[in-house]
Amino acid sequence: MSAYLLLMTIGPVQSFIAQARRTRDLWFGSHVLSELSKTAVETLTGVPGVEFIFPVLPSGTQKDTGLPNKLLVRLPEGDPRAVARKAREAVRERLSGWGLAQWHEHRELVDGASLETAKEQLDTLLEFQAAWTQYASEKEYKAALVRIEEAIAGRKRLQAFTPWVHQRGGIHKSSLDGARESVLRPKNPRKGKWARFRIGLREQLDAIGLLKRTGGTPGQFVPVPSIGLSAFLAHAEATCQAEFSKLRDGCKELKQQAPDAVTGVDIRGREWVRRFPYDAQLLLPDRWRTLLEEEDVTPEPGTDFYASHVRPLLREAGEPYPYVVCLSADGDNMGKALEVLAEKGHEAHQALSRALTDFALEARTIVEKHDGVLVYAGGDDVLAFVALPNALKCAAQLRASFMRILREVVDKPPTLSVGLGIGHVLESLGDLLDLGRRAEKLAKGEGAEARDGLGIVARLRAGRLHTWRARWSSSPGALAQMAQATALRRGGRLPLKKLQDVEELTRRFPRPTDEKDALYQDPRLGSVLAREVRRVLKRTDMGGGDDNGLMPGTVGLDLEMPLPLGEVQKRVSSWVARVWVAEMFFRAEPWATDDADTPKEVA
């Protein structure tokens, strides 16, 4: 029973997705990659002898499932080289045909002399790698898989450089990747399709960027500010019905008078979008004027609209906290799970692939139930945007779903590490994605406490960064720790001034270089620092909501002695970061109110 095992990968992935300036660039870029994988799967489905191991082919009800960029095929008969070439050519033709169709459809946008440049850019983008090996029986399946994985990894370390021959010279580079020539006309009239696809005055797009920007339908993609402010909008609709209805009716009327004036958002089954199907940037006091100007609303009507429709709502509901979460999740120890299942042969891997498809479908439901938007779910990866108040519950439910579904095919199911990158809703998508990826890396952790983590990287618009990590399964768990810190701030028991004093106190102590440093192991200095932290917390002159002040245990800070200096610093720093992040979750709650010690921008 000999057969070939063929592994194919389609890229680039991370860099391709990250090259985005508008929401539609991000969403459609991810969709393009998934569609290319689907093209390869559909092309090989009819080839005699081809049996897919990864991914399992989507059924009729699963057509919208994202497909991973890695395809594993078993070939009891046939030529693996010919099969790989067939898949590669199909994928290339799909991308080229798709991109050129957009170029021809939007001739008002493109420079007529850029056709050959566009063809070359589309033909040279893909990185398609394939490796295959023969094995004699299921007992050899695992070893065969290792061989082709190593071959693909080796091939990826080599980079093929194909010189471009259709450069026109003197042309601006694309604003998305900074390397490929723009295919746009030199003059942007800021109307018609230029306005419809939100192409900025100085923005340039290459053929790939043009495909991302124009491939979908304007309104199909939910703007990031609308996601970040979804909890505020729900609160405003519930508590300020008259003002909220007036604003919504005003937007509808403005859109009827001038269709390009206010960007509408398609609901597409997302019921939470129905609440306010417009770009929520309109609700940001420092942004509405620019937005309306971009939408061709002249200054006077724009000011009148804000004064009569937006300001009354903000006066009653308060100003929204304009931060959003980029959620990035990845399965832990999937390599080990694959290794264990490989002992049972390729059918065990097919069962795992079906389970991952089920998880991808459920992930979409979970994210949308939390008023979020899924960018991608395929394999063990999830990328989504959610509102700050909903992010923790969404992350916990994704982890629970992942482990429950995989438990059916793996005795010891892999866990899911989830990163939450928190940034301002007006940050560039590339920066928000970077925060999400950094948070995911933080969640993975290292050493004995690695994996099964929740990592949070929060960047304030002022530039300061707060990072915090905990294991889901720690005691108390990650959610419980964050809930306790949020409750402290919500109840006003822990003034921010005390937090700042503890932070400053920690900075004044010497910092060991690593755990082997004698300073790290010093119990005397550890005792001094712990005593000082207790003193600051217990001080009542700054108000702690308790005549006896606060104790470390009551604020979730474990300083049971004896502890060396390094350990005390580590615990105090983690606690300080946790409270700062909790402050952001608290301020994002639409029902939260400013207290006297809370600055407008958290430190």
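Couple of notes before you dig in:
- All positions within region 120-131 that are touching a strand residue (DSSP E or B) at 6+ places or on another chain (Cβ under 8 Å) and either of a type in the set (Gly, Ala, Ser) or open to solvent by 30 Å² or more (accessible area, probe 1.4 Å) (or both): GLU127, PHE128, ALA130, ALA131
- Among the residues of region 1-46, those that are at pLDDT 90 or above and β-branched (Val, Ile, Thr) comprise THR9, ILE10, VAL32, THR39, VAL41, THR43.
- Checking each residue in region 105-119 for being open to solvent by 20 Å² or more (accessible area, probe 1.4 Å) and either within 21 Å of SER37 (Cα to Cα) or touching a Leu at 6+ places or on another chain (Cβ under 9 Å) (or both) picks out ASP111, LEU115, LYS119.
Table: residues versus (1) of a type in the set (A, V, I, L, M); (2) in contact with a Ser or Thr (Cβ under 8 Å, 6 or more places away or on another chain); (3) buried (at least 24 other Cβ atoms within 10 Å of the Cβ).
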{"position": "ALA355", "(1), (2), (3)": "yes, no, no"}
{"position": "GLU362", "(1), (2), (3)": "no, yes, no"}
{"position": "GLU368", "(1), (2), (3)": "no, no, no"}
{"position": "ASP380", "(1), (2), (3)": "no, no, no"}
{"position": "ALA387", "(1), (2), (3)": "yes, yes, yes"}
{"position": "GLN397", "(1), (2), (3)": "no, no, no"}
{"position": "GLU408", "(1), (2), (3)": "no, no, no"}
{"position": "PRO414", "(1), (2), (3)": "no, no, no"}
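- Test: residue in region 158-172 that is in a strand (DSSP E or B) and either open to solvent by less than 50 Å² (accessible area, probe 1.4 Å) or in contact with a Gly (Cβ under 7 Å, 6 or more places away or on another chain) (or both): no
- Whichever residue in region 458-515 is aromatic (Phe, Trp, Tyr) and assigned to a loop (DSSP other than H, G, I, E, B) and, among such residues, is modelled with the highest pLDDT: TRP472
- The C-beta contact set for region 548-577 (first residue assigned to a loop (DSSP other than H, G, I, E, B), second residue among the polar types (S, T, N, Q) and surrounded by 17 or more Cβ atoms within 10 Å (Cβ to Cβ), distance under 8 angstrom, 6+ apart or interchain) comprises GLY556/GLN481; MET561/SER527; PRO562/SER527; LEU563/SER527.
- Which numbered condition LEU494 misses (of (1) touching a residue at least 60 places away in the same chain (Cβ under 8 Å); (2) open to solvent by 10 Å² or more (accessible area, probe 1.4 Å); (3) within 25 Å of LEU529 (Cβ to Cβ)): (2)
The values are calculated or read from the model by the stated rules, or taken from the named source; none is laboratory data. Everything quoted here is computed from the prediction, not taken from an experiment. All Cβ positions, even for glycine, are placed from backbone atoms using ideal geometry, and neighbour counts span all protein chains on display. Accessible surface is based on the protein model in full, side chains and every heavy atom, while ligands, DNA and RNA are left aside. Shrake-Rupley method; radii C 1.70, N 1.55, O 1.52, S 1.80 Å.
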